[in-house]
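The values are calculated or read from the model by the stated rules, or taken from the named source; none is laboratory data. This one's a predicted model, so the numbers in the text were calculated from it and none came from an experiment. Here the Cβ is made from the backbone with ideal geometry for all residues, glycine too, and neighbour counts use every protein chain on show. Areas reflect the complete protein model, heavy atoms only, side chains present, ligands, DNA and RNA absent. Shrake-Rupley method; radii C 1.70, N 1.55, O 1.52, S 1.80 Å.
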Amino acid sequence: MKISGNIKEVRDIVKEWKQQGLSIGLVPTMGYLHEGHLSLMERAIKENDRVVVSIFVNPMQFGPTEDLASYPRDLDRDAALCEKIGVSMIFHPEPSEMYADDFCSYVDMSGLTEELCGKSRPVHFRGVQTVVSKLFHIVPANRAYFGQKDAQQLAIIRRMVRDLNFDIEIIGCPIIREEDGLAKSSRNTYLNTEERNAALILNKSLTNAKNLIASGERSAKQIKDCIQETIMAEPLAKADYIEVVNFDTIKPLEKLNGNVLVAIAVFIGKTRLIDNFILENVN
Ligand code: AMP
């Protein structure tokens with residue numbers, strides 16, 4: 001398995017593969033890989049002849065007070081996991097390789113980026129779209145794999161690809177959870193034992209909401225209240241947002257209908273965790 005931080009080298013290798021008629025899957029990550037990432041890679045390996053995993057903690061998608069410096073990193077461990085599973089190449093650039101000192105071109109979007117995580121992370125999605133666009137240019141893959149764990153990101157990337165005519169298929173993959181229901185996340189490593197236990201409230205509140213919807217409730221307010229009440233019962237938890245939106249437009253819904261995304265962000269102590277579920281064709 002090749003590991004390269006050099007854009008030209010990666011481009012040349014991918015070009016060679018394309019000339020050989022091989023199909024290519026791309027899995028963009030920030031590293032510190034867990035089973036969530038591995039599920040994307042496994043699917044990519046199944047569906048493509050070659051798979052490139054990018055590992056890049058993208059400074060542009062972090063706000064000034066966020067966890068860029070403390071974000072967990074372990075390339076050796078990540079590389080061993082990638083090699084074992086059958087990844088063809090890791091692209092692991094330094095920030096200076098991705099962003100020249102006078103870098104000033106951005107990819108941005110209005111509409112889908114303002115709600116949910118966009119409210120408390122105003123520069124986040126511009127950073128995500130810009131880096132993903134760059135990755136799509138560096139690794140012109142047939143398919144790119146994104147987790148539903150970051151549902152708003154998935155919706156934004158799909159829209160960006162449609163609007164800007166990127167020649168790549170976006171594959172959304174289900175959320176992988178710990179046995180007790182906590183969605184896998186590199187940020188779970190920030191939690192101490194007490195907080196790790198408290199973090200179960202995210203999945204618990206979503207399960208309560210799902211049950212309420214299954215019993216026939218269609219009012220977004222009732223769903224949000226149900227989630228809020230569950231979260232409030234956990235002293236270490238504080239909701240950042242609880243939203244019910246259309247999954248394709250990320251516009252808030254009053255009544256559940258169509259493709260519905262129920263998404264939450266919750267602080268457990270200082271750690272902000274996200275989780276969600278999607279229901280298709282609700283009527
Ligand atoms: P990250 O390294 O956190 O930027 O995540 C890289 C990719 O892995 C994104 O497309 C995420 O949505 C996806 N991902 C992260 N956690 C999970 C999970 N628990 N289940 C499925 N996909 C995930």
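Summary of values
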{"quantity": "Sole exception among (1) within 16 Å of the ligand (Cβ to nearest atom); (2) in a helix (DSSP H, G or I); (3) open to solvent by 70 Å² or more (accessible area, probe 1.4 Å) for Gln222, by number", "calculated": "(1)"}
{"quantity": "Given (1) in contact with a Leu (Cβ under 6 Å, 6 or more places away or on another chain); (2) under 22 Å from Gly118 (Cα atoms), number of the condition Cys226 does not satisfy", "calculated": "(2)"}
{"quantity": "Breaking point among (1) crowded, with 16+ Cβ neighbours inside 10 Å; (2) within 16 Å of the ligand (Cβ to nearest atom); (3) not small (Gly, Ala, Ser), for Arg50", "calculated": "(2)"}
{"quantity": "When residues of the range 179-194 are limited to those that are assigned to a loop (DSSP other than H, G, I, E, B) and crowded, with 17+ Cβ neighbours inside 10 Å, the one farthest from the ligand (Cβ to nearest atom)", "calculated": "Leu191"}
{"quantity": "From Asn259, Asn281, Asn276, Asn211, residue being assigned to a strand (DSSP E or B), of a type in the set (S, T, N, Q) and over 22 Å from the mean Cα position of the chain (by Cα)", "calculated": "Asn281"}
{"quantity": "Any hit, the range 57-77, residues being within 21 Å of Ala141 (Cα to Cα), in contact (Cβ under 8 Å) with a residue 24 or more places away in the chain, within 11 Å of the ligand (Cβ to nearest atom) and hydrophobic (A, V, I, L, M, F, W, C)", "calculated": "yes"}
{"quantity": "Flag if Asp240 is modelled with pLDDT of 95 or more, of a type in the set (D, E, K, R) and under 24 Å from Pro72 (Cβ atoms)", "calculated": "yes"}
{"quantity": "The one condition in (1) touching a residue at least 12 places away in the same chain (Cβ under 8 Å); (2) within 29 Å of Lys2 (Cα to Cα) that Arg126 fails to fulfil", "calculated": "(2)"}
{"quantity": "Within the range 227-251, considering residues that are of a type in the set (D, E, K, R) and assigned to a strand (DSSP E or B), the one least open to solvent (accessible area, probe 1.4 Å)", "calculated": "Glu243"}
{"quantity": "Residue in the range 207-218 that is among the β-branched types (Val, Ile, Thr) and open to solvent by less than 20 Å² (accessible area, probe 1.4 Å) present", "calculated": "yes"}
{"quantity": "Matching entry among Lys134, Lys149 (being touching a Ser or Thr at 6+ places or on another chain (Cβ under 8 Å) and within 21 Å of Ser54 (Cβ to Cβ))", "calculated": "Lys149"}
{"quantity": "Count of the range 86-122 residues which are under 22 Å from Ile7 (Cα atoms), open to solvent by 60 Å² or more (accessible area, probe 1.4 Å) and of a type in the set (Ser, Thr, Tyr)", "calculated": "3"}
{"quantity": "One residue from Glu9, Glu83, Glu35, Glu16 being within 11 Å of the ligand (Cβ to nearest atom) and surrounded by fewer than 15 Cβ atoms within 10 Å (Cβ to Cβ)", "calculated": "Glu35"}
{"quantity": "Every residue from the range 224-240 that is within 11 Å of Ala198 (Cβ to Cβ) and among the hydroxyl-bearing types (Ser, Thr, Tyr)", "calculated": "none"}
